[in-house]
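**Student:** Submitted below is the structure of interest, expressed as structure tokens.
The values are calculated or read from the model by the stated rules, or taken from the named source; none is laboratory data. Everything numeric here is computed off the predicted structure, so don't read it as measured data. As a convention, Cβ positions derive from the backbone with ideal geometry for all residues, glycine included, and neighbour counts pool all protein chains shown. Each accessible area value is taken on the protein alone, full model and side chains, heavy atoms only, with ligands, DNA and RNA left out. Shrake-Rupley method; radii C 1.70, N 1.55, O 1.52, S 1.80 Å.
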Amino acid sequence: TENTKGSSESLDMIPQMRVSEIEPKAQGPYEAVPVIRPIVLCGPSLRGFEITDLMHKALVSAMRKQFEDRLETFPVDEKCLKILHASIASNKYSSTPDGLDEITDAVYNAARGFKLLLVDLKINSPLPLKNSALGPILVHIKISNTKVLQNLIKQRGSEQKRGMTAQVYAASKLCDMDRKSFDVVLSEHDYNDAAEHLINYMEKYWRASRPYQATKKHHDSILRNTPGIINKLGLRSLSYLM
């Protein structure tokens, strides 16, 4: 029955024929994401090469020291990771690469602890995660100056220099992507500035997700340097971004 203010029918009062006529692709106004969106680092170039891996380690180290027990490094199942990488490499997935659903389910369960989650998917582009239910906070470590990247690669020795062309190409492709593809872009010249940028962003995110717990005093974003990783890069302050 209907009145002038609208329909008063409940869903189970509507004949089955009418329910089936509802557009099957209709989506709700909200996008499903974990209660705490996981952090995924991308760039500056290809994973598996020293420059990119060491920069990730430096930022992760700064975040661990800052957030301490508020941050959890999520262990990704190696089998799922291999399936994910194989699916991405084949480029045969439609919307969600194989293996990502299992990782997403595990992240959803871990997110119930309301800790910041750092997920190392070892991916080289945010595109495979686009429109996925994982809903990550994508962080781009950006080196837009090719010479800066080349100099860093040369410092790592002849073995790393063999992959210079691929690394430079991958970095340029990431830099060409729309800024909106990422939640955070770290384009600072100095490591401390880049780390503080990321920490400040995540601090605000954590406090917004846990307003009651955020009333407790936590350390301000005073960075504790990570000289071991910085020294491995052969740089005094890790001025790697440009």
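**Student:** Want the number for ARG162 to LYS204: 0.36 nm per residue separation, take away the alpha-carbon distance, what's left?
**Tutor:** On the way: separation 42, 0.36 × 42 = 15.12 nm, distance 4.09 nm.
Additional length available on full extension: 11.0 nm.
**Student:** List every residue whose amide H lies under 5 Å from the amide H of VAL185, counting only residues 5 or more places away in sequence or on a different chain, with H placed 1.01 Å from N in the peptide plane.
**Tutor:** Distant-sequence amide H within range of VAL185: HIS140.
**Student:** Extension gain ASN192-ASN91, at 0.36 nm per residue separation less the Cα-Cα distance, in nm?
**Tutor:** Working: separation 101, 0.36 × 101 = 36.36 nm, distance 3.67 nm.
Result for the pair: 32.7 nm of gain on full extension.
**Student:** Considering amide H positions built from the backbone, and no H for Pro or chain starts, which residues 5 or more places from LEU118, or on another chain, come under 5 Å of its amide H?
**Tutor:** Hits under the 5 Å cutoff: ILE39, GLU72, THR73, PHE74.
**Student:** OK, next. Rounded to whole Å and sorted largest first, what semi-axes of the equivalent ellipsoid does the C-alpha gyration tensor of the stretch 72-203 yield via the square root of 5 times each eigenvalue? Each step should come with its number before you reach the end.
**Tutor:** Details: eigenvalues 143, 82, 41 Å².
Ellipsoid semi-axes (Å, largest first): 27, 20, 14.
**Student:** If you roll a 1.4 Å probe over the heavy atoms of the protein chains, what accessible area per residue do you get for the stretch 116-174, in Å²? Walk me through the numbers on the way to the answer.
**Tutor:** Numbers: 2700 Å² over 59 residues.
About 46 Å² of surface per residue is accessible.
**Student:** Can you give me the distance in nm between label points at ASP105 and ASP53, each placed 7 Å from the Cα along the Cα-to-Cβ direction?
**Tutor:** Simple spin-label model gives 3.0 nm for this pair.
**Student:** Using packing as a proxy for protection, rank 106-118, 35-47, 56-68, 131-143 so that the peptide with the highest average count of other Cβ atoms within 10 Å comes first. Can you show the working numbers first?
**Tutor:** Details: 106-118: 17.1, 35-47: 22.8, 56-68: 19.2, 131-143: 20.7.
By packing density, highest mean first, the sequence is 35-47, 131-143, 56-68, 106-118.
**Student:** Here is a follow-up. At 7 Å along Cα-to-Cβ for each site, give me the label-to-label distance between LYS147 and SER181 in nm.
**Tutor:** It works out to 2.6 nm between the two label points.
**Student:** What is the percent carbon and sulfur in the accessible area of the stretch 155-194, measuring with a 1.4 Å probe over the protein chains and ignoring ligands?
**Tutor:** On the way: 1050 of 2360 Å².
Answer for the stretch 155-194: carbon and sulfur cover 45 percent of the accessible area.
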